[in-house]
Amino acid sequence: MKTTLLVGALTLAVAAPAGYNIVQGYREKVHLVQAQLVNEQTVQQAQADVAATLRQIDQYRKRLPPEPSPSWLVTEAVALGEQSRLRFTTIDQESPVESPQFTRLAATFEFTASYHELGAFLDRVERSERFIRVERLQVEPSREEGGEALIRLTLSTVYVPPVLSTSKE
């Protein structure tokens with residue numbers, strides 16, 4: 001019995017460190033796999049965040065002119081004016097003003113309108129899906145009671161060149 005006990009004790013003495021090393025090796029592998037899993041989840045979340053941001057940028061870009069030309073602004077404003085039954089008498093496109101990040105586009109419109117028509121037009125501009133800003137507004141009241149006022153209105157927007165290539169290859 002002493003021999004069996006001695007053999008068992010020796011086996012345990014030899015196997016315990018080897019078993020501990022094996023278990024320790026598996027623990028290290030488990031920790032490494034867990035760290036890789038956390039890293040991969042972080043990368044996937046970052047990719048999803050970037051994709052969502054790019055989709056949002058694309059939605060904003062659709063609200064801006066596709067090229068640095070004030071003719072886009074004039075076309076948009078005339079369409080909004082027609083919805084408000086306005087007839088523009090003068091349209092002056094300003095020269096684009098470039099800066100490193102964007103190009104300012106502006107146009108000045110002159111027309112006669114009742115205050116109600118002017119209000120309807122300004123409401124349409126402000127509610128437009130396009131990014132258009134009322135930059136200046138000058139109203140000269142009619143000399144006749146109930147007559148239409150002379151309006152000079154400057155609208156502006158910006159052209160922002162693409163930062164990232166959107167080509168899908």
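The values are calculated or read from the model by the stated rules, or taken from the named source; none is laboratory data. This one's a predicted model, so the numbers in the text were calculated from it and none came from an experiment. All Cβ positions, glycine included, derive from the backbone under ideal geometry; neighbour counts span all protein chains shown. Areas reflect the complete protein model, heavy atoms only, side chains present, ligands, DNA and RNA absent. Shrake-Rupley method; radii C 1.70, N 1.55, O 1.52, S 1.80 Å.
The table below lists the values:
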quantity: Surface share of carbon and sulfur [accessible, 1.4 angstrom probe, percent] for the chain; calculated: 56 percent
quantity: Average accessible area per residue (Å²) across the stretch 20-169 - probe 1.4 Å, nucleic acids and ligands excluded; calculated: 73 Å²
quantity: Extension gain (nm, one decimal) between LYS2 and ASP123, 0.36 nm per residue minus Cα-Cα; calculated: 33.4 nm
quantity: Difference of contour (0.36 nm per residue) and Cα-Cα distance, THR89 to GLN56; calculated: 8.1 nm
quantity: Within the chain, helix-based [θ] at 222 nm, where runs of 4 or more DSSP H residues each add -39,500 (n - 2.57), nearest 500; calculated: -18500 deg cm²/dmol
quantity: With DNA, RNA and ligands ignored, accessible area of GLU76 (1.4 Å probe; Å², nearest 10); calculated: 40 Å²
quantity: Angle between the chain longest axis and helix 70-83 axis [Cα atoms, degrees, rounded to 10]; calculated: 70 degrees
quantity: Mean-position separation - Cα centroids, the stretch 29-65 and the stretch 96-154, in angstrom; calculated: 42 Å
quantity: Whole-Hz couplings from phi, Karplus 6.51/-1.76/1.60, listed for the stretch 115-130; x for Gly and Pro; calculated: 5, 5, 5, 4, x, 4, 5, 4, 4, 5, 4, 5, 8, 4, 6, 8
quantity: Taking only Cα atoms of the stretch 73-169, radius of gyration then Dmax in Å; calculated: 16.0, 64
quantity: Cα gyration tensor category, rounded, prolate or oblate, for the stretch 17-76 with a/c compared to 1.5; calculated: prolate
quantity: Cβ-placed point charges (K, R +1; D, E -1), dipole of the chain about Cα centre in debye, nearest 20; calculated: 1180 debye
quantity: Highest to lowest packing among 89-101, 119-131, 147-159, scored as the average C-beta count within 10 Å; calculated: 147-159, 119-131, 89-101
quantity: Cα pair distances in the chain, grouped into 10 Å bins until the bin that holds the longest one, percent each; calculated: 8, 23, 17, 11, 8, 7, 6, 6, 5, 4, 3, 1, 0
quantity: Computed lengthening from LYS29 to ALA149, 0.36 nm per intervening residue step minus Cα-Cα distance; calculated: 35.2 nm
quantity: Rounded tilt (10° steps) of 2-61 against the dominant C-alpha axis of the chain; calculated: 10 degrees
